[in-house]
Number of protein chains: 2
Amino acid sequence: MLGDGNVRYLIKFSYDGTNYNGYQRQKGLNTIQECLEDALTSINNKKKVIVHATGRTDKLVHALAQYAHFDLDVKITENKLKRAMNSNLPLDIHVIEAREVPDNFHARYNVKSKEYKYLLNMGEYDPINRNYIYQYNHILNIDKMKEAINYFKGTHDFRSFVTENKVKENCVRTITKATIKEKNNIVTFTFKGNGFLRYQVRNMVGILIKVGEEKIKPSDVLRILNKKNRDKEGVTAKAEGLYLVDVKFKKS
Amino acid sequence: MLGDGNVRYLIKFSYDGTNYNGYQRQKGLNTIQECLEDALTSINNKKKVIVHATGRTDKLVHALAQYAHFDLDVKITENKLKRAMNSNLPLDIHVIEAREVPDNFHARYNVKSKEYKYLLNMGEYDPINRNYIYQYNHILNIDKMKEAINYFKGTHDFRSFVTENKVKENCVRTITKATIKEKNNIVTFTFKGNGFLRYQVRNMVGILIKVGEEKIKPSDVLRILNKKNRDKEGVTAKAEGLYLVDVKFKKS
């Protein structure tokens with residue numbers, strides 16, 4: 001388990017994406033990954049640590065439960081690691097839990113399912129939630145959106161819902177849960193599946209908003225899915241309403 | 001009604017207090033009042049406008065429904081005024097409603113009641129709500145706090161719950177509603193009354209937290225109230241959990 005002297009840890013963490021250029025490290029930009037790696041350097045006797053998350057989240061996107069693994073040269077108790085990381089991290093990133101895992105565990109390759117939520121406000125503009133709930137501020141037809149979201153359930157080629165520069169990869173994914181709830185003008189879209197392509201959730205929400213606006217019919221979602229081609233019908237919903245809320249892992 | 005050619009308007013507005021040094025204008029500091037007055041200058045043909053709110057809120061405190069009146073030299077429809085102000089205001093301040101009022105209406109003197117909420121998180125630290133819910137992150141005895149909060153109801157001299165430099169003024173206020181609710185580790189304190197002294201809500205919450213920590217008994221709240229003297233027992237709860245949520249006006 002210790003292999004070449006390293007110990008592998010898995011952390012569960014949450015973050016406010018407002019002040020970051022997304023999860024993934026990019027030279028010269030403020031990213032979640034860089035903050036995590038910097039927070040670990042002093043814990044790891046000043047030796048650089050590479051953090052492997054379950055996947056990236058885009059600029060302005062939040063996480064209630066993201067996971068990442070990394071190897072440390074030092075052995076530290078799970079509680080101490082959590083506390084040490086939190087004392088080194090900025091206030092908008094928080095380690096919820098740290099635990100030792102077998103050294104063949106991989107946060108990205110072992111993903112079984114991911115769950116995302118997207119929040120939209122149909123009511124009056126809310127300055128307090130401007131970075132946390134998409135301020136759409138108009139009424140949508142919820143019943144039509146509820147009808148439309150069902151077309152996303154199951155296994156489909158989601159080529160019509162990816163960004164144009166990604167169309168070469170395999171776009172087949174399985175969505176096991178796709179729901180819409182509404183309370184006090186706040187609409188919550190929930191999607192759970194075995195994996196999501198870049199911008200897929202925001203593109204699905206974008207089309208559902210067009211259904212809610214009655215610009216297209218619920219059945220148009222099926223037509224667009226079957227087209228298997230990203231085109232001018234696409235709308236990407238704003239990033240700030242999106243949350244990674246849960247990740248489940250395969251038994252390794 | 002038009003008096004000396006001016007028209008009086010009342011606005012209902014909300015704000016995220018995170019990036020402000022409180023409501024009230026202070027030289028060289030970023031305040032809500034200054035933003036409102038700046039937003040009105042161009043609407044009022046470049047002539048300075050003085051905005052009178054129902055009262056101030058402190059640094060970092062939020063408002064879901066604050067009100068203010070002001071006089072304009074120009075007559076503008078209520079909807080146009082709302083839209084014009086919102087297009088001139090930063091994204092963290094929002095005018096919900098604007099309406100013309102009689103020129104003897106005064107946002108501060110006509111207040112009948114105010115309602116505040118205070119939010120506290122007993123659960124895991126939440127980076128997304130760090131500026132919107134006080135991150136206490138420990139379990140409190142809710143039943144004891146519910147017993148204690150009842151002592152605040154009714155008409156009392158709240159001298160023990162004001163800041164030390166204010167003890168000369170009349171501190172008698174009437175609290176008509178004082179409740180505590182808890183859901184998913186979020187505690188919501190609600191206070192409604194005919195008026196609140198500076199820091200009064202945060203000082204009442206501070207003492208209730210001490211009750212919840214079982215450091216003092218619920219009945220100690222009555223003892224401290226009767227002492228009519230701010231002393232070392234006082235604790236001021238952090239600003240970021242506090243919201244002005246409603247203001248009612250007397251019929252003028």
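The values are calculated or read from the model by the stated rules, or taken from the named source; none is laboratory data. Please read all numbers here as calculations on a predicted model, not as lab measurements. When we count neighbours, we look across all protein chains shown, and the Cβ atoms used for this are built from the backbone with ideal geometry, even at glycine. Quick note on the areas: whole protein, heavy atoms, side chains included, nothing else; ligands and nucleic acids left out. Shrake-Rupley method; radii C 1.70, N 1.55, O 1.52, S 1.80 Å.
For the stretch A:7-100, the carbon plus sulfur part of the accessible surface works out to 48%, probe radius 1.4 Å.
Position A:Leu91: other-copy label points at 2.0 nm, ordered by increasing distance, label point 7 Å along Cα→C-beta. Sorted from nearest, the other copies put their A:Ser42 label points 4.5 nm away, the label point being 7 Å from Cα in the direction of Cβ. Our analysis of the stretch A:7-100 gives Rg over Rh at 0.93, with the two radii drawn from alpha carbon positions and Rh computed by the Kirkwood formula.
In this rough spin-label picture, where each label sits 7 Å from Cα along the Cβ direction, the B:Ile142-B:Val74 distance is 5.1 nm.
Where only DSSP H runs of four or more residues are counted, chain A gives -6000 deg cm²/dmol as its mean residue ellipticity at 222 nm, each run worth -39500 (n - 2.57).
What the stretch A:7-137 shows is 42 Å² of accessible area per residue, with the surface traced by a 1.4 Å probe over protein heavy atoms.
Note on the stretch A:105-186: Cα convex hull, mean projected area over all directions, 7.8 nm². Extending 7 Å from the Cα toward the beta-carbon at both B:Asn226 and A:Asn150 defines two label points whose distance is 6.6 nm.
In order along the stretch B:96-105, phi translates into HN-Hα couplings of 8, 7, 10, 8, 6, 10, x, 6, 9, 6 Hz, rounded to whole numbers, per the Karplus curve 6.51 cos²θ - 1.76 cosθ + 1.60 with θ = phi - 60° and x for Gly and Pro.
With 21 Å as the cut-off, how large is the P(r) tail for the stretch B:112-249, expressed as percent of Cα-Cα pairs? Here the long-distance tail beyond 21 Å is 37 percent of all Cα pairs in the stretch B:112-249.
Here the Karplus relation 6.51 cos²θ - 1.76 cosθ + 1.60, evaluated at θ = phi - 60°, turns the backbone of the stretch A:36-43 into coupling constants of 5, 5, 5, 5, 8, 4, 5, 5 Hz, with x for every Gly and Pro.
Projected onto their three principal axes, the Cα atoms of the protein assembly as shown cover extents of 72, 56, 40 Å, largest first.
Taking amide hydrogens as placed 1.01 Å from N in the peptide plane, the amide H of B:Glu97 sits under 5 Å from those of B:Lys12, each at least 5 positions away in sequence or on another chain. With θ taken as phi - 60° and the Karplus curve 6.51 cos²θ - 1.76 cosθ + 1.60 applied, the whole-hertz 3J(HN,Hα) list for the stretch A:134-141 is 4, 8, 7, 6, 9, 7, 10, 7 Hz, x standing for glycine and proline. Spin-label model, A:Lys181 to A:Glu214: label points 7 Å out along the Cα-to-beta-carbon direction sit 2.8 nm apart.
Using R0 = 25 Å, the C-beta based FRET efficiency linking B:Asn45 and B:Arg99 works out to 0.75. Against the main long axis of the alpha-carbon atoms of chain B, helix B:78-88 sits at an angle near 80°. Computed over chain B, the Cα gyration tensor eigenvalues convert (square root of 5λ each) into semi-axes of 36, 20, 15 Å, ordered from largest to smallest. All alpha carbon pair distances within the stretch B:127-171 were sorted into 5 Å bins beginning at 0; the resulting P(r) in whole percents reads 5, 15, 14, 13, 18, 19, 13, 3, 0. Chain A comes nearest to the axis taking it onto chain B at the Cβ of one residue; that residue and its distance, in whole Å, are A:Tyr132, 4. When only alpha carbons are used to place a centre, the stretch A:185-252 and the stretch B:1-69 end up 40 Å from one another.
Pairing chains B and A buries close to 1600 square angstrom of accessible surface in total, based on protein heavy atoms and a 1.4 angstrom probe.
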